[in-house]
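Here is the structure we will look at.
The values are calculated or read from the model by the stated rules, or taken from the named source; none is laboratory data. The structure displayed is predicted, hence computed values, not measured ones. Note that each Cβ is placed from the backbone with ideal geometry, even for glycine, and that neighbours are counted across all protein chains shown.
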Amino acid sequence: MTKDVEVAEQGGEYSAKDYHDPPPAPLIDPEELTQWSFYRALIAEFIATLLFLYITVLTVIGYKSQTDPAKIADQCGGVGILGIAWAFGGMIFVLVYCTAGISGGHINPAVTFGLFLARKVSLIRAVLYMVAQCLGAICGVGLVKAFQKSLYTRYGGGANELQAGYNKGTGLGAEIIGTFVLVYTVFSATDPKRNARDSHVPVLAPLPIGFAVFMVHLATIPITGTGINPARSFGAAVIYNQTKAWDDQWLFWVGPFIGAAIAAFYHQYILRAAAIKALGSFRSNA
């Protein structure tokens with residue numbers, strides 16, 4: 001028995017593969033607009049992104065405050081870059097775990113875009129998810145500013161900016177590769193084939209997704225502050241509203257969307273191509 005198609009010679013009959021891919025989502029599905037579950041999913045995406053930005057931006061600002069040389073603070077104090085990366089990765093793990101059964105736990109327009117390209121969600125759902133995520137991000141950062149206004153302004157508002165010493169090409173490349181790692185992990189962790197009895201041991205999907213965010217932050221915080229989530233970058237830029245954050249904003253949309261598109265193509269048309277061909281061969285021989 002292969003991992004894709006189970007062949008059992010029982011009276012000349014063949015049994016289908018032991019996992020089932022869901023049918024492609026329709027491009028436009030107006031019926032979604034009449035379902036409460038759809039609006040519940042939008043609310044879940046809004047609240048999850050709000051909480052994500054609130055916790056992570058507070059962590060960034062707290063770290064900068066604790067290590068501020070002007071305060072003669074301990075430069076080795078605070079959570080450090082490692083702690084910031086854990087905050088982002090840990091919150092994604094928690095929030096994806098909480099919302100996966102309601103909205104799919106996207107919490108990121110790039111993830112939504114990648115899943116849309118793979119026909120996992122409809123165009124209507126994808127667009128409204130992105131709107132809910134961006135609004136949630138704005139509100140989350142707004143709460144940070146409301147509670148810590150003086151520190152918020154002094155320490156950059158947690159806004160993503162291209163760091164000194166790096167050119168825009170390097171920043172764009174970091175965002176593309178970082179988002180590819182994240183979206184590729186999302187596809188792999190949620191692949192129905194993983195639940196097949198002869199495949200790998202099933203894993204808790206939010207865990208590898210959270211770890212992907214953690215690892216990407218470790219690598220790219222020194223370059224761009226790590227975007228890989230257009231809603232995160234947009235929400236911080238809207239509330240902080242400084243020139244530098246807006247000048248670099250395109251990096252945090254173009255890069256993640258390109259990375260998500262590459263990940264979707266790689267997973268759907270390269271890694272899963274063998275399964276598609278095997279199923280097509282089985283049907284043609286049946």
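In region 8-35, the residues that are closer than 22 Å to K193 by Cα and in a loop (DSSP other than H, G, I, E, B) form Cβ pairs under 7 Å with partners that are aliphatic (A, V, I, L, M) and at pLDDT below 85, at six or more places apart or across chains, as follows: Y14/V7; Y14/A8; Y14/A286; S15/A8; K17/V5; K17/L279; D18/A196; Y19/A196. Looking at region 205-251, the helices (runs of 4 or more DSSP H) lying wholly inside it that each contain 1 or more residues that are free of Cβ contacts under 8 Å to residues at least 24 places away in the same chain and more than 22 Å from A132 (Cβ to Cβ) sit at 206-224, 243-247.
You will find that of G105, G90, G101, the residue that is within 30 Å of D191 (Cβ to Cβ), at pLDDT 85 or above and either buried (at least 19 other Cβ atoms within 10 Å of the Cβ) or of a type in the set (D, E, K, R) (or both) is G105 and no other. All of A126, A146 fail the test of being over 30 Å from Y63 (Cα atoms), part of a helix (DSSP H, G or I) and not basic (K, R), apart from A126.
Does region 188-207 contain any residue that is modelled with pLDDT of 95 or more and of a type in the set (A, V, I, L, M)? Checked against the condition, which is being modelled with pLDDT of 95 or more and of a type in the set (A, V, I, L, M), region 188-207 yields no hits at all. Looking across region 42-58, the residues that are aliphatic (A, V, I, L, M) and surrounded by 22 or more Cβ atoms within 10 Å (Cβ to Cβ) come down to A44, A48, L50, L53, V57.
Annotation: E161 fulfils all but one of (1) part of a helix (DSSP H, G or I); (2) in contact with a Lys or Arg (Cβ under 9 Å, 6 or more places away or on another chain); (3) not polar (S, T, N, Q); the unmet one is (1). The condition of being more than 20 Å from L53 (Cα to Cα), in contact (Cβ under 8 Å) with a residue 24 or more places away in the chain and not small (G, A, S) holds for only one of Y155, Y129, Y184, that being Y184. Scan region 185-195 and tell me whether some residue there is within 21 Å of D248 (Cα to Cα) and assigned to a loop (DSSP other than H, G, I, E, B). Within region 185-195 (the criterion being within 21 Å of D248 (Cα to Cα) and assigned to a loop (DSSP other than H, G, I, E, B)), the answer is no, since none of the residues qualifies.
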